[in-house]
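*Asks:* Pasting in a structure now, in structure tokens, and then I'll have a few things to ask.
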Amino acid sequence: MAVLGGGAAGFFGAISCAEANPRVQVVLVEKTGKLLSKVRVSGGGRCNVTHACDTPSQLVAHYPRGSKHLKAAFQQFGVAETIAWFARRGVPLKTEADGRMFPTTDSSETIARALEDAARQAGVRILLNTSADEVQPEPTGGFILKLSGSGAAALGSTLHASGLLVATGGNPKSANYDWLRALGHTIAEPVPSLFTFNVPDSPLSELMGVSVPHARVVLAGEKLQYEGPLLVTHWGVSGPAVLKLSAWGARRLNELGYVGTALINWTPSFTEETLRPWLQQFRQENGKKTVASNPQFGLPQRLWRNLTEQAGIAPEMRWSDLPAKSQNRLLELLLRSPLAVRGKTTYKEEFVTCGGISLAEVDLKTMQSRRVPGLYFAGEVLDIDGITGGFNFQAAWTTGFLAGRALAASNER
């Protein structure tokens, strides 16, 4: 059995196959010299392994692509099974307030070592710096892989595999899927997901590092919006609210060329109808206070002062002297601060691609191709992607596990 890709899905698939059928020799082929790269950088080096969701129905709600297809897969191997899998290997997980789950060590190396140890103990053979330049189905079943690179010499540059798991990850270049198209598969065109917004002329440019725990981001003229923590950066805005909006709107934002207006609601618990009387009452009760020096709604001082400056309110202006025009401008900025988005930036090193193998061509119970017998898929090479919070790793664990088990079972027949 051969596995292409030394990331989370590839490792999980290789381990699952080798453990389920110890008689099978599993060879994992990785084109670079590094294994589990995304695992090591995820969550700021802590590895956001999964997310605390009690049921598959809760879990699938966090996948912009693949949600309706994944429910049965998560019923077989979901969050509880992931927690148990790592616990059996001496890696307990902990749940943070927002539902994200990390190893108790707060180190991604703990997860990487657990996967590498499990692969070694299961007898998985790993070839680094090795590429599969050609993949040819054999008429009688199985595949011939033409290899190149430092690991190919040991196998004579050709690998015969009775089954093949493709876990090569997402890729932003459509041409990199051509070899899968040649095998008969349809590709949902890849576009970026999980990115931050570039705002080169941002009125918030001096507020780098300022964050708010709860804001609503709306793309003007579109139905796209999301609520959550928001972070002001030196290039624009980031944080879960922006990242999740980018995931749900990945294809539409690509169509727009990543140009538009993001409207930030700094007080999402208020509407215009409730905020206006609130401000009026506050003004009556706190007339002697200066507007700029007394931030409201739990907003950081620097952000509040910036908003009052944008509203044309002088630093010494008191609430009792505030002109109605300035108050209306402040209200508008609190509810709909406009930011001119002109591009995107990948979130740290956690690049996620929307697109890949069409799910209609895959049996989601086994991850086997409906077009090519013996060919399996796992991870982001599929047209599956989740929002930030551990959901992409959960999809990798689940699809890798199911594909590996199915591969092992196919060799017993």
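*Asks:* Any idea how far apart Q284 and Q310 come out in nm if each label point goes 7 Å out from Cα toward Cβ?
*Replies:* 2.9 nm
*Asks:* In addition: Along the charge dipole of segment 195-346, Cβ charges K/R +1 and D/E -1, which of F195, T261, V218 sits furthest on the positive end?
*Replies:* Looking along the dipole axis, the top candidate is F195.
*Asks:* Can you tally the net charge around R371? Count Lys and Arg as +1, Asp and Glu as -1, for every other residue whose Cβ sits under 15 Å from the Cβ of R371. Show your work: numbers first, answer last.
*Replies:* On the way: positive: R181, R370; negative: E361, D363, D383.
Residues near R371 contribute -1 overall.
*Asks:* With a ≥ b ≥ c taken as the square roots of the eigenvalues of the C-alpha gyration tensor of the chain, please select rounded if a/c is under 1.5 and otherwise prolate if a/b is larger than b/c or oblate if it is not?
*Replies:* Taking the square roots of the gyration eigenvalues as a ≥ b ≥ c, the chain is prolate.
*Asks:* In a solvent-free Debye calculation with one equal scatterer on each Cα, what is log10 I(q)/I(0) for segment 195-346 at q = 0.10, 0.11 Å⁻¹, listed in the order of the q values?
*Replies:* The Debye formula, applied to the Cα set alone, gives -0.35, -0.42.
*Asks:* Considering Cα pairs under 8 angstrom that are at least six residues apart, work out the relative contact order of segment 123-244 and quote it in whole percent. Display every interim value, and only then the final one.
*Replies:* Values: 175 pairs, mean separation 19.9, N = 122.
Once divided by the residue count of segment 123-244, the mean separation gives 16 percent.
*Asks:* Let me ask something additional. Any chance you could check the Cα centroid distance between segment 17-45 and segment 205-222 for me, in angstrom?
*Replies:* Their Cα centres are 37 Å away from one another.
*Asks:* Under the definition of Cα pairs under 8 Å and six or more residues apart, what whole-number percent is the relative contact order of the chain? Don't skip to the answer; put the middle values down first.
*Replies:* Values: 913 pairs, mean separation 103.0, N = 413.
Once divided by the residue count of the chain, the mean separation gives 25 percent.
*Asks:* So if I place +1 on the C-beta of Lys and Arg and -1 on the C-beta of Asp and Glu, and nothing else carries charge, what would the dipole magnitude of segment 282-410 be about its Cα centre? I want it in debye, nearest 20. Walk me through the intermediate numbers first.
*Replies:* Numbers: 16 positive and 12 negative charges, 99 e Å.
Roughly 480 debye, rounded to the nearest 20.
*Asks:* What net charge is computed for the residues neighbouring G184, neighbours being all others with C-beta under 14 Å from the C-beta of G184, Lys and Arg scored +1, Asp and Glu -1?
*Replies:* Numbers: positive: R181, R370, R371; negative: D178, E361.
Around G184, the charge tally is +1.
*Asks:* Would you please state which residues of segment 14-41 a label at N129 would reach in this model, taking the label point 7 Å out along Cα→Cβ and a backbone N cut-off of under 11 Å?
*Replies:* Flagged as within label range: 32-34.
*Asks:* Let me ask something else. Within segment 102-141, which residues have the backbone N less than 13 Å from the label spot 7 Å out from N171 along Cα→beta-carbon, could you tell me?
*Replies:* Counting only backbone N, you get 131-135.
*Asks:* Something else about it: Please state the relative contact order of segment 370-413 as a whole percent: Cα pairs under 8 Å, 6+ residues apart? If you can, show how the numbers build up before the last one.
*Replies:* Values: 25 pairs, mean separation 18.6, N = 44.
Rounded, it is 42 percent for segment 370-413.
*Asks:* At 7 Å along Cα-to-Cβ for each site, give me the label-to-label distance between S107 and E272 in nm.
*Replies:* In this crude spin-label approximation the distance works out to 5.5 nm.
*Asks:* Size of the dipole of segment 195-346 about the Cα centre, Lys and Arg at +1 and Asp and Glu at -1 on the beta carbon, nothing else charged, in debye to 20? Walk me through the numbers on the way to the answer.
*Replies:* Values: 17 positive and 12 negative charges, 22 e Å.
Charge dipole, segment 195-346, about its Cα centre: 100 debye, nearest 20.
*Asks:* Which of F270, F86, F195 ends up with the largest GNM mean-square fluctuation for the chain, with Cα atoms connected below 10 Å?
*Replies:* F270
*Asks:* Still on this model: Tell me which of T274, I83, L147 sits at the most positive position along the dipole axis of the chain, charges placed on C-beta atoms (Lys, Arg +1; Asp, Glu -1).
*Replies:* Farthest towards the positive pole: T274.
*Asks:* Just to verify a number: FRET efficiency for R120 and A340, C-beta to C-beta distance, R0 = 41 Å, to 0.05?
*Replies:* 0.20
*Asks:* Using each residue's phi in segment 209-225, evaluate 6.51 cos²θ - 1.76 cosθ + 1.60 at θ = phi - 60° and report the 3J(HN,Hα) Karplus result to the nearest Hz, with x for Gly and Pro.
*Replies:* The phi angles translate into x, 6, 9, 10, x, 8, 9, 10, 10, 10, 8, 4, x, 10, 8, 7, 7 Hz.
*Asks:* Right, another one. How large is ³J(HN,Hα), in whole Hz, for each residue of segment 369-375 in order, when computed from phi with the Karplus curve 6.51 cos²θ - 1.76 cosθ + 1.60 and θ = phi - 60°, using x for Gly and Pro?
*Replies:* Each residue of segment 369-375 in turn: 4, 7, 9, 10, x, x, 9 Hz.
*Asks:* Continuing with this model, one more query. Separation of segment 84-161 and segment 243-308 by C-alpha centroid, Å?
*Replies:* For segment 84-161 versus segment 243-308, the Cα centre distance is 45 Å.
*Asks:* Now a separate question. Given Cβ point charges of +1 (Lys, Arg) and -1 (Asp, Glu) and nothing else, what value in debye, to the nearest 20, does the dipole of the chain about its Cα centre take? Each step should come with its number before you reach the end.
*Replies:* Numbers: 42 positive and 35 negative charges, 49 e Å.
So the magnitude is around 240 debye.
*Asks:* From the residues L375, A314, T186, which one has its Cα farthest along the dipole of the chain in the positive direction, the dipole being from +1 and -1 charges on Cβ of Lys/Arg and Asp/Glu about the Cα centre?
*Replies:* My answer, from the dipole projection, is A314.
*Asks:* Mean residue ellipticity at 222 nm from the helices of the chain, using -39,500 (n - 2.57) per DSSP H segment of n ≥ 4 over the full residue count, to the nearest 500 deg cm²/dmol? Before the final figure, lay out the partial values.
*Replies:* On the way: 13 runs with 138 residues, N = 413.
Estimated from H runs of four or more residues: -10000 deg cm²/dmol.
*Asks:* Another question, if that's okay. Using θ = phi - 60° and the Karplus curve 6.51 cos²θ - 1.76 cosθ + 1.60, what whole-Hz ³J(HN,Hα) does each residue of segment 155-172 get, with Gly and Pro shown as x?
*Replies:* Result, rounded to whole Hz: 10, x, 6, 10, 10, 9, 10, 6, x, 9, 10, 9, 9, 8, x, x, 9, x.
*Asks:* Provide the packing ranking of 282-289, 104-111, 159-166, 182-189, i.e. peptides ordered by the mean count of other C-beta atoms within 10 Å per residue, highest first.
*Replies:* Put in order of decreasing packing, that is 159-166, 104-111, 182-189, 282-289.
Rule-based calculations on the coordinates, nothing more; no lab input. The structure presented is a predicted model; accordingly, all values stated were derived computationally and were not measured. Every residue, glycine as well, gets a Cβ built from its backbone with ideal geometry; the counts of neighbours run over all protein chains shown.
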